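Down below is the structure, laid out as structure tokens.
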Amino acid sequence: MLKTSGFRRVGTRVMAAVSLLLVAAAPAMPAPTARVPATAPAGLAGPFRWKSSGVLIKPRSDETHKLVSVKDPTVVYYGDKWHVYATTANERGQWSMVYLSFKDWSEAADARPYYLDANPNLRGYHCAPHVFYFRPHKKWYLVFQSQQPQYSTTDEISRPETWSKPEDFFAGKPPGAPRLWIDYWVICDDTHAYLFFTGDNGKLYRSRTRIDDFPKGMSNPEIALEETRDILFEASMTYRIKGTNTYLTLIEALSPDRYYRAFTSDRLDGKWTPLPEANTYRKPFAGINNVTFEEGVTPWTKDISHGELIRDGYDQTMTIDPRNLQLLYQGRDPAVRANYGLLPYQLGLLKLERSE
């Protein structure tokens, strides 16, 4: 999600300064790369073509939540239900989070929202959630932006009132972090847990800690990928591709409309290379140039913006099945002009169309 200069998104809730305390660094990680591979990993050959639903989840207001948007979704399927956490913005441009659950996407519009600021532990500024089950702890983790990266835990994803008091990943802002760090994402391999994030500055960052130490002990951030701000902006997400030793990272580009570009690597601390035919505005991983709408659905967005792929599972490995790619995303009426915090984002679902 876009956070403009001067922390306008956060308003006066962000502290003017934070302490810079050293965090124990993990072994050095390789430098970024711009090399383009000749071939795509199995199951991820472009060009991609998607079909979009209509709006599935709209902002729903009540007496204390006068909402203008719902955005930045995180989603898992667990216990025969979809569980969605997302950001909300109210008419004053203030950010919070909401939880919804339902058995089928056809029921999403009628799902009863639970506003997370009803949980005393989650009042105030928290947004851009990312949810997963961390098997070593047998707990659910909700990672979010506060502005610094924070997390809460619970034993039951379906009881949002039980999320714990937020804790910081870092003791202050570590060396290497950008001025505006945002949109945090956790993924684990067999030995380490990685924290990825962006800075609205053309850079993707990563920190890591050993699985046994998670969520403590994150290393100082390092640049994992660096390009230009317009084409490498924010809202990154990283997955393991099922049945392979390959990882996929998607990063939202800024202009001329919001779209997603794709990169792959054979390790989370390795070099990221652009995925062929999934890396430009003309040929994106997902964007208005390769998205059409379901029959009977009036096109309702040009932005294919901050979202999550539907996972094959719900744990810390963030595994996806390339044979069943779907993307829950935020979009909006392109005719509306407003400050970013007041743009009327809503949620829809993309499904990959296979030629076979």
Within segment 57-100, residues more than 20 Å from residue 304 (Cα to Cα) and in contact with an Asp or Glu (Cβ under 6 Å, 6 or more places away or on another chain) come out as 66, 96
With criteria (1) crowded, with 20+ Cβ neighbours inside 10 Å; (2) touching an Asp or Glu at 6+ places or on another chain (Cβ under 7 Å); (3) within 23 Å of residue 246 (Cβ to Cβ); (4) not polar (S, T, N, Q), residue 332 comes up short on (3)
Taking segment 251-264 on its own, how many of its residues are surrounded by 22 or more Cβ atoms within 10 Å (Cβ to Cβ) and either free of Cβ contacts under 8 Å to residues at least 40 places away in the same chain or not charged (D, E, K, R) (or both)?
8
Suppose we filter 207, 219 for residues that are touching a residue at least 12 places away in the same chain (Cβ under 8 Å) and in a strand (DSSP E or B); which single one remains?
207
Counting residues that are among the aromatic types (Phe, Trp, Tyr) and at negative phi, which strands (runs of 3 or more DSSP E) fully inside segment 245-356 reach at least 2?
259-265
Only one of these conditions is not met by residue 150: (1) within 26 Å of residue 212 (Cβ to Cβ); (2) without any contact (Cβ under 8 Å) to a residue 40 or more places away in the chain; (3) in a loop (DSSP other than H, G, I, E, B). Which number is it?
(3)
Given the conditions (1) assigned to a loop (DSSP other than H, G, I, E, B); (2) touching a residue at least 24 places away in the same chain (Cβ under 8 Å); (3) within 24 Å of residue 321 (Cβ to Cβ); (4) charged (D, E, K, R), and given that residue 190 satisfies all but one, which numbered condition is not satisfied?
(2)
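Using the structure shown, decide if residue 144 is in contact with a Cys (Cβ under 9 Å, 6 or more places away or on another chain), buried (at least 20 other Cβ atoms within 10 Å of the Cβ) and in contact (Cβ under 8 Å) with a residue 24 or more places away in the chain.
Numbers: in contact with a Cys (Cβ under 9 Å, 6 or more places away or on another chain): yes; buried (at least 20 other Cβ atoms within 10 Å of the Cβ): yes; in contact (Cβ under 8 Å) with a residue 24 or more places away in the chain: yes.
Yes; evaluated as a whole, the condition is true for this residue.
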The correct count of residues that are of a type in the set (D, E, K, R) and closer than 14 Å to residue 99 by Cα in segment 124-167 is 3
Every listed condition ((1) over 20 Å from the mean Cα position of the chain (by Cα); (2) over 19 Å from residue 328 (Cβ atoms); (3) in contact (Cβ under 8 Å) with a residue 40 or more places away in the chain) holds for residue 155 save (3)
Can you tell me how many residues within segment 280-300 are in contact (Cβ under 8 Å) with a residue 60 or more places away in the chain and buried (at least 20 other Cβ atoms within 10 Å of the Cβ)?
5
Just a yes or no: is a residue in segment 165-181 touching a strand residue (DSSP E or B) at 6+ places or on another chain (Cβ under 7 Å), at pLDDT 95 or above, in a strand (DSSP E or B) and not acidic (Asp, Glu)?
no
Just wondering, is there one or more residues in segment 90-101 that are surrounded by 17 or more Cβ atoms within 10 Å (Cβ to Cβ), modelled with pLDDT of 95 or more, of a type in the set (Gly, Ala, Ser) and closer than 29 Å to residue 278 by Cα?
no
Of the conditions (1) over 16 Å from the mean Cα position of the chain (by Cα); (2) surrounded by fewer than 19 Cβ atoms within 10 Å (Cβ to Cβ), the single one that residue 315 does not satisfy is (1)
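Name the residues in segment 224-241 that are buried (at least 17 other Cβ atoms within 10 Å of the Cβ) and assigned to a strand (DSSP E or B), would you?
224, 225, 234, 235, 236, 237, 238, 239, 240, 241
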Please enumerate the residues belonging to segment 229-255 that are touching a Phe, Trp or Tyr at 6+ places or on another chain (Cβ under 9 Å) and at pLDDT below 95.
255
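The values are calculated or read from the model by the stated rules, or taken from the named source; none is laboratory data. Bear in mind the structure is a predicted one, so any value in this text is a computation, not a measurement. FYI the Cβ positions are ideal-geometry reconstructions off the backbone, even for glycines, and counts take in every protein chain you see.
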